[in-house]
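Colleague: First, the structure itself, so that you have it in front of you.
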Amino acid sequence: MGKTTRLIAITGGIGSGKSVVSKVLLSMGKHVYDCDSRAKSIVDSSAEIKMRIACEVSAEAVGPDGVVDRAKLAEVVFADRNALNRLNAIVHAAVIDDIENWRVGLPDNTDTAWVESAIIYESGIDRIVDCVWLVEAPEDLRIKRVMARNGVSADDVKKRIDAQNRTCDYVRHSCIQTILNDSLAPLLPQIQRLLQK
Ligand SMILES: CC(C)(COP(=O)(O)OP(=O)(O)OC[C@H]1O[C@@H](n2cnc3c(N)ncnc32)[C@H](O)[C@@H]1O)[C@@H](O)C(=O)NCCC(=O)NCCS
Ligand SMILES: Nc1ncnc2c1ncn2[C@@H]1O[C@H](COP(=O)(O)OP(=O)(O)OP(=O)(O)O)[C@@H](O)[C@H]1O
């Protein structure tokens with residue numbers, strides 16, 4: 001059981017490069033929980049959660065076949081803070097439970113594992129991790145990266161940035177390490193240095 005495994009959050013705004021950091025760790029054989037994909041599986045596998053999303057957030061975002069229309073859901077919640085708060089309240093409690101189950105299921109000898117999420121304070125993940133790795137990149141670069149990655153407009157990316165906590169809020173966590181992922185700083189040596197701490 002990985003019950004005593006130390007948890008480190010990999011956080012930072014959308015497009016900062018959290019997934020790239022996660023991929024480096026995974027390539028080293030480390031355990032990383034990907035909140036975006038796990039949250040999707042949790043929603044997709046729960047009729048109750050989907051019903052709550054349809055009733056409390058957007059009826060149009062869940063089809064009669066139970067399939068979640070994520071483009072529609074994103075359009076609704078990133079234009080309406082109250083709708084986003086309702087969605088977060090429905091999904092995040094289930095994600096926290098899932099992280100705890102995942103941690104318990106890690107192999108015995110797992111000293112440290114990572115949880116990747118853009119929104120550790122909104123989701124409550126800050127309360128279950130021991131340390132935070134904050135991935136940072138200039139906002140204009142983050143916007144360009146996400147436009148290229150997702151084929152979306154700058155306006156769509158800015159709406160998500162507005163929905164996420166500002167960098168200054170991250171300092172609320174007592175143990176925080178920064179990884180700079182602009183167009184110049186190489187990532188690998190920074191990750192290796194943090195792994196030695
Ligand atoms: C809003 C949804 C439908 C958009 O789906 P979509 O496939 O377009 O995006 P995806 O899930 O891959 O997320 C991409 C990025 O959007 C940002 N984002 C996602 N959810 C949120 C949120 N609740 N608040 C702020 N930013 C968010 C993050 O930077 C994330 O990395 C989806 O993200 C969702 O259901 N979000 C609520 C659950 C959640 O908070 N998941 C993320 C961490 S637990
Ligand atoms: N240093 C880099 N050099 C080139 N491309 C990069 C770099 N860092 C990230 N990218 C690219 O930018 C895009 C955004 O990066 P990534 O998906 O890791 O961001 P993220 O922080 O995980 O975003 P999200 O909050 O949406 O999960 C990806 O297509 C990624 O390949």
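The values are calculated or read from the model by the stated rules, or taken from the named source; none is laboratory data. Computed from a predicted model, the values in this text were never measured in an experiment. Glycine gets a Cβ as well: all are built from the backbone with ideal geometry, and neighbour counts include every protein chain shown. We work out accessible area using only protein heavy atoms, side chains counted, and drop any ligands, DNA or RNA first. Shrake-Rupley method; radii C 1.70, N 1.55, O 1.52, S 1.80 Å.
Colleague: Can you give the Kirkwood hydrodynamic radius of region 40-88 from its Cα pairs, in Å with one decimal?
Modeller: 10.5 Å
Colleague: Using helices alone, I'd like the mean residue ellipticity at 222 nm for the chain: each DSSP H run of four-plus residues gives -39500 (n - 2.57), total over residue count, nearest 500.
Modeller: -15000 deg cm²/dmol
Colleague: Something else about it: Can you give me the % of accessible surface on the chain that is carbon or sulfur? Probe 1.4 Å, all protein chains present, nothing else counted.
Modeller: The C+S portion of the solvent-accessible surface of the chain is 52 percent.
Colleague: Determine the per residue accessible area of the chain with all protein chains present and a 1.4 angstrom probe, expressed in square angstrom.
Modeller: Averaged over the residues of the chain, the accessible area is 52 Å².
Colleague: Pull out a ≥ b ≥ c, the square roots of the eigenvalues of the alpha-carbon gyration tensor of the chain, then state rounded if a/c is under 1.5, prolate if not and a/b is larger than b/c, and oblate in the remaining case.
Modeller: In terms of gyration-tensor shape, oblate.
Colleague: How large is ³J(HN,Hα) for each residue in region 131-141, as worked out from phi by the Karplus curve 6.51 cos²θ - 1.76 cosθ + 1.60 (θ = phi - 60°), to whole Hz, x for Gly and Pro?
Modeller: After applying 6.51 cos²θ - 1.76 cosθ + 1.60, I find 8, 10, 9, 9, 8, 10, 7, x, 4, 5, 5 Hz.
Colleague: Can you give me the relative contact order of region 6-195 as a percent, contacts being Cα pairs under 8 Å and 6 or more apart?
Modeller: 36 percent
Colleague: What's the magnitude of the charge dipole for the chain around its Cα centre, counting Lys and Arg as +1 and Asp and Glu as -1 at the beta-carbon? Answer in Debye, nearest 20.
Modeller: 460 debye
Colleague: Moving on. State the antiparallel share, in %, of DSSP beta bridges confined to the chain, rounding to the nearest 5.
Modeller: Given both bridge residues lie in the chain, the antiparallel proportion sits at roughly 5 percent.
Colleague: With a/c under 1.5 counting as rounded, go ahead and sort region 18-99 into rounded, prolate or oblate using the C-alpha gyration tensor (a ≥ b ≥ c being the square roots of the eigenvalues; past the cut-off, prolate if a/b is larger than b/c, else oblate).
Modeller: Note, shape of region 18-99 comes out prolate.
Colleague: Can you return the lysines within cross-link range of LYS72? Criterion is Cα-Cα under 29 Å, with same-chain partners fewer than 8 residues away left out.
Modeller: LYS18, LYS23, LYS40, LYS50, LYS144, LYS158, LYS159
Colleague: How far apart, in nanometres, would the label points at ARG6 and ARG70 be if each is projected 7 angstrom from Cα along the Cα-to-Cβ direction?
Modeller: Distance between label points: 3.2 nm.
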